[in-house]
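Below: one structure, written as structure tokens.
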Amino acid sequence: MALLFRSSVDSEARWAPQLARLMPALEIRVWPEIGDPRNIDYALVWRPEPGLLASLPNLKLILSLGAGVDHILCDPQLPRRVPIIRLVDPYMTDTMSEYVALQVLRLHRRDLEYCAQQAAGIWRELEHKNAAERPVGILGFGQMGQDAGRKLKALGFDVAFWSRTEKAVVGFAGYAGPAGLPGLLARSEILVCLLPLTAETERILCARNFGLLPKGSGLINAGRGAHLVEDDLVPTLSSGQLSAAVLDVFRDEPLPPAHPFWRHPRIVVTPHVAALTNPPTAAPIILDNIRRFEAGLPLQNRVNAQRGY
Ligand code: NDP
Ligand code: OXD
């Protein structure tokens, strides 16, 4: 049994010991030293080269090193017969919620403005609200969105969500589908994007939708860079329609050094670290699906490639 490891951002040194300890019979082959491609049964990947997965004729499962799978589905030669499994790890979900809570609180408590005031030596109290008076809207209410939403509620925020399908979740106002989006936007003083990147969600963070938010809202994007129409952001900040933006993900990663987002006083840039994959907790989850496949049991967290997530 052989597994191909290919990540454009992670090192196999973090993964091989975890995988070997839990499943000694699994031979790990690290790209580009893949040996005979016919012997590879499983592929554990982050952003694999287009065509790599199609070159493995006996591939049984594609396992994502992340929760998102846009980095796999964008391969035009993707072998459609092979099931794709995404990573759902409670450790990562907790980490995302920490990030969201941190950034929501920063926007809510006007931390960027106080930091700017400190840099200028200004002692001035800014207008303040209670969390219960701050409506937060979450785009995407799956694993990440629901956990972040519950934790924001525990901090006292008034949280609503937007999903693709209708759902009733006690304690949250829910909006669904294209028809529900304007309602969610109209009530969100802080908008958090935790959507997967699909044909429907690409460019959703655009001037038109920013215009539907209450004036002066804050934006947090921890979904994917392509959710944001980058050219729309700075003009929307300049007009005051958005007061600040926190961005963890970008269309081009790493964010190019000359990119204007780096130096904008009301944009916070973090280097795609909202929820990092953690091998000690993720390896058992990944291997569980391999065991399930070998035993003919139902797989967990299988992606619907048609739907895009
Ligand atoms: P899930 O699949 O569990 O949840 C996705 C949510 O998005 C669901 O609520 C789904 O609706 C909703 N959704 C999908 N398409 C649409 C649409 N067209 N309109 C409205 N809602 C839609 O994903 P996760 O919560 O696990 O992860 C979400 C994303 O977070 C990942 O795909 C990835 O891009 C990003 N991420 C970023 C990380 C980072 O470090 N920055 C780390 C991990 C993930 P429904 O419930 O109806 O299906
Ligand atoms: C993921 C990510 O999708 O880290 O897991 O972005």
Collect the residues in region 184-204 that are closer than 19 Å to residue 266 by Cβ and within 13 Å of ligand 1 (Cβ to nearest atom), keeping them in residue-number order. 192, 193
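Per-residue answers, yes or no, for (1) out of contact with any Ser or Thr (no Cβ under 7 Å at 6 or more places or on another chain); (2) of a type in the set (Gly, Ala, Ser); (3) away from ligand 2 (no atom under 16 Å from the Cβ); (4) not assigned by TED's automatic domain parsing to the domain that holds residue 221:
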| position | (1), (2), (3), (4) |
| --- | --- |
| 132 | yes, yes, yes, no |
| 148 | no, yes, no, no |
| 151 | no, no, yes, no |
| 157 | yes, no, yes, no |
| 163 | yes, yes, yes, no |
| 173 | yes, yes, yes, no |
| 179 | yes, yes, yes, no |
| 182 | yes, no, yes, no |
Do we find a residue being at pLDDT 95 or above, touching a Pro at 6+ places or on another chain (Cβ under 6 Å), part of a helix (DSSP H, G or I) and more than 30 Å from residue 192 (Cα to Cα) anywhere in region 61-70? no
For residue 110, state whether it is assigned by TED's automatic domain parsing to the domain that holds residue 203, in contact with a His (Cβ under 6 Å, 6 or more places away or on another chain) and open to solvent by 10 Å² or more (accessible area, probe 1.4 Å). no
Within region 275-309, of all residues that are over 15 Å from residue 65 (Cβ atoms) and within 16 Å of the chain's Cα centre (by Cα), the one nearest to ligand 2 (Cβ to nearest atom) is 309
Going through region 249-302 in order, the residues found to be touching a Ser or Thr at 6+ places or on another chain (Cβ under 8 Å) and of a type in the set (A, V, I, L, M, F, W, C) are 274, 275, 276
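In the set 234, 268, 229, 246, which member is touching a residue at least 40 places away in the same chain (Cβ under 8 Å) and more than 16 Å from ligand 2 (Cβ to nearest atom)?
268 is the lone residue from the list that is touching a residue at least 40 places away in the same chain (Cβ under 8 Å) and more than 16 Å from ligand 2 (Cβ to nearest atom).
For residue 175, state whether it is assigned to a helix (DSSP H, G or I) and hydroxyl-bearing (Ser, Thr, Tyr).
no
Please find, among 99, 114, the residue that is more than 16 Å from ligand 2 (Cβ to nearest atom), in a helix (DSSP H, G or I) and either at pLDDT 95 or above or polar (S, T, N, Q) (or both).
Working: 99 fails: more than 16 Å from ligand 2 (Cβ to nearest atom).
Residue meeting the stated conditions: 114.
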Just to be sure before I move on: is residue 54 modelled with pLDDT under 95, away from ligand 1 (no atom under 16 Å from the Cβ) and either open to solvent by 20 Å² or more (accessible area, probe 1.4 Å) or in contact with a helix residue (DSSP H, G or I) (Cβ under 8 Å, 6 or more places away or on another chain) (or both) in the structure I sent? no
Region 14-31, subset within 27 Å of the chain's Cα centre (by Cα) and more than 15 Å from residue 43 (Cα to Cα), residue most open to solvent (accessible area, probe 1.4 Å): 14
Does region 48-71 contain any residue that is touching a Ser or Thr at 6+ places or on another chain (Cβ under 7 Å) and farther than 21 Å from residue 174 by Cβ? yes
Could you check, for region 174-194, whether at least one of its residues is of a type in the set (S, T, N, Q), on the phi < 0 side of the Ramachandran plot and open to solvent by 20 Å² or more (accessible area, probe 1.4 Å)? no
Select from region 215-231 the residues that are open to solvent by 20 Å² or more (accessible area, probe 1.4 Å) and either in contact with a strand residue (DSSP E or B) (Cβ under 8 Å, 6 or more places away or on another chain) or outside the structural domain of residue 263 (by TED's automatic domain parsing) (or both) and list them in ascending order. 216
Residue check, residue 167 against (1) more than 21 Å from residue 270 (Cβ to Cβ); (2) surrounded by 13 or more Cβ atoms within 10 Å (Cβ to Cβ), all met but one. Which one? (2)
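The values are calculated or read from the model by the stated rules, or taken from the named source; none is laboratory data. Only a predicted model underlies this, so the values are computations on that prediction, with no experimental measurement involved. Because the Cβ atoms are built from the backbone with ideal geometry, glycine has one as well, and the counts that use them run over all protein chains shown. What goes into the accessible areas is simple: the full protein's heavy atoms, side chains included, and nothing from ligands, DNA or RNA. Shrake-Rupley method; radii C 1.70, N 1.55, O 1.52, S 1.80 Å.
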